[in-house]
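In what follows, a structure is listed as structure tokens, so that the remarks can point back to it.
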Amino acid sequence: MLFVVMGALSIIHRKRIYAATVRGEKRWFGRGIGKFLERLQSPFWIGFAGLLGVLMGAAAIVYALFRFVNP
């Protein structure tokens, strides 16, 4: 259930997560490298990772229900 919830939240808030990540990278690595890393990323990939989390959570739930129903 945690994967489903956290994946859905990361899909919904992907732009805010992206902005916080870029801000942290600029602070951690400096402005020059931070801008370079910003060009390599986008909010799409954060949403994609959230989708994968939702799919993994759904697969785990389906597997658990299948094992519970068919011992």
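Solvent-accessible area per residue in the chain equals 81 Å², computed with a 1.4 angstrom probe and all protein chains kept. Ranked by solvent-accessible area (1.4 Å probe, protein heavy atoms only, all chains present), the residues 37, 52, 65 order from largest to smallest as 65, 52, 37.
Which value, in Å³ per residue, describes the convex hull spanned by the Cα atoms of the chain?
Values: hull volume 5.9 nm³, N = 71.
Output value, Cα hull per residue: 83 Å³.
Pick out the long, greasy-scoring helices in the chain: whole DSSP H runs spanning 20 Å or more along their own axis by Cα, mean Kyte-Doolittle at least -0.5. Helices meeting the span and hydropathy rule in the chain are 43-69.
Counting only protein heavy atoms and using a 1.4 Å probe, what share of the accessible area of segment 1-48 belongs to carbon plus sulfur, as a whole percent? Write out the running numbers ahead of the final one.
Details: 2710 of 3900 Å².
Carbon and sulfur atoms account for 70 percent of the accessible area of segment 1-48.
Using the Cβ-Cβ distance between residue 21 and residue 70 with R0 = 30 Å, the FRET efficiency computed as 1/(1 + (r/R0)^6) comes to roughly 0.10.
The values are calculated or read from the model by the stated rules, or taken from the named source; none is laboratory data. Being a predicted model, the structure only gives us computed values, none of them experimental. Virtual Cβ from ideal backbone geometry, glycine too; neighbours counted across all protein chains shown. Ligands, DNA and RNA are stripped out before the accessible areas are found, and what is left, the full protein with its side chains, is counted by its heavy atoms. Shrake-Rupley method; radii C 1.70, N 1.55, O 1.52, S 1.80 Å.
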